[in-house]
Amino acid sequence: MPFENETHDPRYDWLGEGAASALTEDLTALGAQALSREDRLRAFEHLRVPATNKLSEATIIRVAQIVGAEQVITGSFAVNGTSLTIHSRPIRLDTGRRFPEISETGALTELFDIFARAARRLLPDSVVSTSEMEQAHPPRAAFEEYIKGAVAENPSTQIVFFKEALRYAPDFHQARLALWSVYTEQREHRQALDIVLQIPSNHPLSRQARFRAALSTMSLGRHAEAIDRFTTLNREQRDPALLNNAGVAQLRRTARSPDGSAADLFRQALMINADDPDLAFNLGYASWLAHDTLTAVRWLREAVRRNPADDAAHWVLGVALQASSNAAEGQRERDLAKRLSSKYVEWEKQPGPNVVPPNLERVKSELDAAGSPRIDAAIAAAEQRDQRDVAAFHLESGRRLFQADRDAEAIAELRRAIYLSPYEREAHLLLGRLYLRAGQIADAIDELKISIWSDDQTDARVTLAEAYIQSKNFDSARSELQTVLTREPSNADARRLLASVPAQ
């Protein structure tokens, strides 16, 4: 984490992030899997936590646990004239054990030496030499400009600082990658490509640079060139992100005459990382665009199974199901998408029954090389656990309110549960019973069908039969009850209702 400025002199605020960055690089050089600043910021953004060094210790520990860290290091620094003192405080997360505080003091001009000594004390068993650890450090002045650019909020200010860092140290290629990010965020892809192509092929950051050059090339619409770049990188070291992005470039290249080539690339990416919901979505989406409806349905189902809150996957799956003559299930998926995001209400107004918006394919912006910390995967897993926990809380609350006949409150709680867990079968069942109790028979039937589709249980079919009886749809009611009695011949509720259905 960024260190706290105990001097309270704004001239040294940059050192808070500088301390975290320098210590991270030293720990990485010594052999630790230290999370980069970019990983840390991405984690905070995902978790909607402000990226500040004034967070409570409990919040910091919670974020570290979510991303799968073993230790978190906080700290502070103080500047006294030309002297710098740092205090680092490591905490082991699995036991909550606090290690002794590590303090180091030295000349401000030799800050890298100060952090190198602290890193060595944090990893005393490393066999990496000090010269190896420090060989990647830029001049201190360049490092200061780079960190000031990293923490600046205005893109134009960031560009000024990064360029100044390169003026001090033309070989400081980390600043070029940072410039690429700013230019890319500003959609200045030509400038982004030009800056990243300046990183030589024999530099340790070359692979990252070439990956980002391929992203820029794709953003410039040079899809064939982008495919060649991604393919070459993947030939050197296989990576699902490279195969995925090559598939995206191929999909965009063949937008007017889609074929199965993009789908083949997404399928190869899934063979390496079978759990990634974005890869499953891209394969399903590409198959839909190539008019392979059955394959599209299969992989879009996999996408929503991996990530039940994926609104776009629900929508495209719904359209594909309707195109495959499965109108009822397709409509349920489209309704789920509209529950998750209001934008699908507008999409539904588009002409034609099978509207699917363009450009839904998902690009990977980071290499996912084996051995690197899987931050996005850890965050996604934690978010899904949290969503399940919160959904279970709302479901239990809705269950209690249903039993207490507080219907309006129960409906609100159950809708919250369904928003977080769209395939929670009991939530749909209870919502169907509430609608049935209120005389909203059509709404009840819709919810009960979703409950059965999510997890086919006889209690939902019995309730659905009751709804059909109230709507005078006796044939459908009889069919549901006969299905129940085939499974459970002694089901008393089904027998009672079947006896009440008028004879044909």
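Could you run through region 201-235 and say how many residues are part of a loop (DSSP other than H, G, I, E, B) and either in contact (Cβ under 8 Å) with a residue 12 or more places away in the chain or farther than 19 Å from Leu166 by Cα (or both)?
6
Among the residues in region 481-494, are any touching a Gly at 6+ places or on another chain (Cβ under 6 Å), among the hydrophobic types (A, V, I, L, M, F, W, C), without any contact (Cβ under 8 Å) to a residue 40 or more places away in the chain and over 24 Å from Val390 (Cβ atoms)?
Within region 481-494, the first condition is being touching a Gly at 6+ places or on another chain (Cβ under 6 Å), and the residues that meet it are none.
Checked against the condition, which is being touching a Gly at 6+ places or on another chain (Cβ under 6 Å), among the hydrophobic types (A, V, I, L, M, F, W, C), without any contact (Cβ under 8 Å) to a residue 40 or more places away in the chain and over 24 Å from Val390 (Cβ atoms), region 481-494 yields no hits at all.
Scan region 273-317 for residues that are within 19 Å of Lys343 (Cβ to Cβ) and either in contact with an Asp or Glu (Cβ under 7 Å, 6 or more places away or on another chain) or among the hydrophobic types (A, V, I, L, M, F, W, C) (or both) and report the count.
13
Any residue in region 412-429 that is touching a residue at least 40 places away in the same chain (Cβ under 8 Å) and closer than 9 Å to Ile450 by Cβ sitting within a Cβ distance under 8 Å of a residue that is among the small types (Gly, Ala, Ser) and part of a loop (DSSP other than H, G, I, E, B)? List the pairs, counting only those 6 or more apart or interchain.
Cβ pairs passing all conditions: Pro422/Ala309.
Please enumerate the residues belonging to region 152-177 that are surrounded by 17 or more Cβ atoms within 10 Å (Cβ to Cβ), more than 26 Å from the chain's Cα centre (by Cα) and not in a helix (DSSP H, G or I).
The answer is Ala169, Phe172.
Matching residues to (1) surrounded by 21 or more Cβ atoms within 10 Å (Cβ to Cβ); (2) outside any helix (DSSP H, G or I); (3) touching a helix residue (DSSP H, G or I) at 6+ places or on another chain (Cβ under 8 Å); (4) modelled with pLDDT of 90 or more:
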{"site": "Leu434", "(1), (2), (3), (4)": "yes, no, yes, yes"}
{"site": "Trp453", "(1), (2), (3), (4)": "no, no, yes, no"}
{"site": "Asp456", "(1), (2), (3), (4)": "no, yes, no, no"}
{"site": "Ala465", "(1), (2), (3), (4)": "yes, no, yes, yes"}
{"site": "Arg478", "(1), (2), (3), (4)": "no, no, yes, yes"}
{"site": "Asp493", "(1), (2), (3), (4)": "no, no, yes, yes"}
{"site": "Leu498", "(1), (2), (3), (4)": "no, no, yes, yes"}
{"site": "Pro502", "(1), (2), (3), (4)": "no, yes, yes, no"}
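Quick check on region 79-92. Is at least one of its residues within 15 Å of Ala22 (Cβ to Cβ), in contact (Cβ under 8 Å) with a residue 40 or more places away in the chain and not in a strand (DSSP E or B)?
No; the residues of region 79-92 include none that is within 15 Å of Ala22 (Cβ to Cβ), in contact (Cβ under 8 Å) with a residue 40 or more places away in the chain and not in a strand (DSSP E or B).
Residue-by-condition table, conditions (1) within 21 Å of His314 (Cα to Cα); (2) within 24 Å of the chain's Cα centre (by Cα):
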{"position": "Ser206", "(1), (2)": "no, no"}
{"position": "Ser219", "(1), (2)": "no, yes"}
{"position": "Arg229", "(1), (2)": "no, no"}
{"position": "Ala255", "(1), (2)": "no, no"}
{"position": "Pro258", "(1), (2)": "no, no"}
{"position": "Met271", "(1), (2)": "no, yes"}
{"position": "Ala290", "(1), (2)": "yes, no"}
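Checking the structure you have, find out if any residue of region 74-84 is touching a strand residue (DSSP E or B) at 6+ places or on another chain (Cβ under 9 Å) and within 23 Å of Gln135 (Cα to Cα).
Taking every residue of region 74-84 in turn, at least one turns out to be touching a strand residue (DSSP E or B) at 6+ places or on another chain (Cβ under 9 Å) and within 23 Å of Gln135 (Cα to Cα).
In the set Ala296, Ala337, Ala286, Ala320, which member is buried (at least 24 other Cβ atoms within 10 Å of the Cβ), out of contact with any Gly (no Cβ under 6 Å at 6 or more places or on another chain) and closer than 22 Å to Ala246 by Cβ?
Unique residue meeting the criteria: Ala286.
Among the residues of region 219-237, write down those that are buried (at least 20 other Cβ atoms within 10 Å of the Cβ) and under 22 Å from Ser181 (Cβ atoms).
The answer is Ala226, Arg229, Phe230, Leu233.
Which of (1) modelled with pLDDT under 85; (2) under 26 Å from Ala226 (Cα atoms); (3) surrounded by fewer than 17 Cβ atoms within 10 Å (Cβ to Cβ); (4) charged (D, E, K, R) does Glu366 not meet, given it meets every other one?
Looking at each condition in turn, Glu366 falls short on (1).
Pull up region 380-432, narrow it to residues that are surrounded by 16 or more Cβ atoms within 10 Å (Cβ to Cβ), in a helix (DSSP H, G or I) and among the aromatic types (Phe, Trp, Tyr), then point me to the one that is modelled with the highest pLDDT.
Phe402
List pairs: first in region 243-260 and more than 16 Å from Arg210 (Cβ to Cβ) and small (Gly, Ala, Ser), second at pLDDT 95 or above and buried (at least 19 other Cβ atoms within 10 Å of the Cβ), Cβ under 6 Å, 6+ apart or cross-chain?
Gly247/Leu265; Gly247/Phe266
Go through region 178-218 and report how many residues are surrounded by fewer than 18 Cβ atoms within 10 Å (Cβ to Cβ), of a type in the set (A, V, I, L, M) and modelled with pLDDT of 95 or more.
So the answer is 1.
The values are calculated or read from the model by the stated rules, or taken from the named source; none is laboratory data. Because the structure is a prediction, the values reported are computed rather than measured. Here the Cβ is made from the backbone with ideal geometry for all residues, glycine too, and neighbour counts use every protein chain on show.
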